[in-house]
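These notes concern the structure reproduced below.
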Amino acid sequence: MGKDHKKLLNNLEQLRRATGLTQQELSVAAEVSRKSINAIENGVYVPSTVLALKISNTLNCSVEDLFKLP
């Protein structure tokens, strides 16, 4: 399920922008490439549990705030 999960609701871009972080800044904090953050935001890639936890810690929110199933 690493790629293109159509039913996954993704709030990453909205939450990232709300914190004032760029994709590059988030990628550095989460220890991934900026392209990975972009792919997640565009729904092309579903992050691993570890990456989702790193992103949620950086954005000070829960994984469920970032990603939900309808």
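The values are calculated or read from the model by the stated rules, or taken from the named source; none is laboratory data. Not measured: the values here are computed from a predicted model. Methodologically, a virtual Cβ is constructed for each residue, glycine included, from the backbone with ideal geometry; neighbour enumeration extends over all protein chains shown.
Selection within the stretch 45-59: residues that are of a type in the set (Ser, Thr, Tyr) and free of Cβ contacts under 8 Å to residues at least 40 places away in the same chain. The member of this set that is farthest from Glu25 (Cα to Cα) is Thr49. Every condition in (1) touching a Lys or Arg at 6+ places or on another chain (Cβ under 8 Å); (2) surrounded by 15 or more Cβ atoms within 10 Å (Cβ to Cβ) is met by Thr58 except one, and the failing one is (1). Selection of first residues in the stretch 11-31 that are under 19 Å from Val44 (Cβ atoms) and of second residues that are assigned to a loop (DSSP other than H, G, I, E, B) and modelled with pLDDT of 95 or more, restricted to Cβ pairs under 7 Å at least 6 apart or on distinct chains, gives the following pairs, ordered by first then second residue: Leu15/Cys61; Ser27/Ser33. Within the stretch 1-56, the residues that satisfy the criterion of being in contact with a Phe, Trp or Tyr (Cβ under 8 Å, 6 or more places away or on another chain) and part of a helix (DSSP H, G or I) are Leu12, Ser36, Ala39, Ala52.
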